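Some notes on the structure that comes next.
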Amino acid sequence: MDKRLLAVLALVIALASGCDWIRAKLDMPTSEDIAKKKELIALKEAAVKASVPSDTLKADSLQMADTTAVTSIAEANPEPSASGLALTPRSSLDKTYYIIVGAFKTDELVSLSLKENEGILDTPFAFAGNGLKYVAIGGYNTLEEARRALYEAHKKAPEAWVWKKNN
């Protein structure tokens, strides 16, 4: 009887305290972190919409490209894009693991992310693939190095994640 009561009590406490406590203990984003991230995304989108004609945004959001086409374009054309954004060719990525802080379709959002993420780890740079433009803040040879860097990056960029380059 006492074991059942303890189990029910533990379940009630867990449900009453919510998942945020567990997520915080596991170094995962809590509901407060997620709400802040949503607010930041909304602010970024509002800034882009204010500076870009709506026709451009609609065309960009509907644009589809396969991985090989985007990769070959980025590798063949490391020149700045129409907005002046220079993408690093994927062929020049010499590390296996990269810390990514964002993936975007528009050059305006990439430029904004590059500015926001200066000084977190290395100098941020952008490269294209999978129909998106990724903003990276560091490259590493081993997963262990990348994980240590990710831990540091999460202090200023909680949305950062590790991407592995396929050779």
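From the residues in the stretch 102-131 that are touching a residue at least 60 places away in the same chain (Cβ under 8 Å) and not polar (S, T, N, Q), which one is nearest to Glu152 (Cα to Cα)?
Looking at residues that are touching a residue at least 60 places away in the same chain (Cβ under 8 Å) and not polar (S, T, N, Q), I get Leu112.
If you take the residues in the stretch 119-128 that are surrounded by 20 or more Cβ atoms within 10 Å (Cβ to Cβ) and among the small types (Gly, Ala, Ser), which one is modelled with the highest pLDDT?
Step by step, filter the stretch 119-128, then rank; the result is Ala126.
Can you pull out every residue in the stretch 93-135 that is within 23 Å of Ala46 (Cα to Cα) and among the aliphatic types (A, V, I, L, M)?
Selection gives Ile100, Val101, Ala103, Leu109, Val110, Leu112, Leu114, Ala126, Leu132, Val135.
Taking the stretch 77-102 on its own, how many of its residues are in contact with a helix residue (DSSP H, G or I) (Cβ under 9 Å, 6 or more places away or on another chain), modelled with pLDDT of 90 or more and surrounded by 19 or more Cβ atoms within 10 Å (Cβ to Cβ)?
First pass over the stretch 77-102, keeping only residues in contact with a helix residue (DSSP H, G or I) (Cβ under 9 Å, 6 or more places away or on another chain): 78, 81-85, 87-92, 95-99, 101-102.
Subsequent filtering for residues that are modelled with pLDDT of 90 or more retains 95-99, 101-102.
So of that shortlist, the ones also surrounded by 19 or more Cβ atoms within 10 Å (Cβ to Cβ) come out as 97-99, 101-102.
Number of matching residues: 5.
Can we say Ile137 is crowded, with 20+ Cβ neighbours inside 10 Å and part of a loop (DSSP other than H, G, I, E, B)? Spell out how you get there, then give the answer.
Values: crowded, with 20+ Cβ neighbours inside 10 Å: yes; part of a loop (DSSP other than H, G, I, E, B): no.
Considered against the rule, which asks whether it is crowded, with 20+ Cβ neighbours inside 10 Å and part of a loop (DSSP other than H, G, I, E, B), Ile137 comes out as no.
Which ones in the stretch 29-41 are hydrophobic (A, V, I, L, M, F, W, C) and over 15 Å from the mean Cα position of the chain (by Cα)? Quick ask: steps written out before the conclusion?
Looking only at the stretch 29-41, we keep the residues that are hydrophobic (A, V, I, L, M, F, W, C), and these are 34-35, 40-41.
Answer for the stretch 29-41, where residues must be hydrophobic (A, V, I, L, M, F, W, C) and over 15 Å from the mean Cα position of the chain (by Cα): just Ala35.
The values are calculated or read from the model by the stated rules, or taken from the named source; none is laboratory data. Note that the structure is predicted; figures quoted are calculated from it, not measured. Counting neighbours? That spans all protein chains shown, and the Cβs are built from the backbone with ideal geometry, glycine included.
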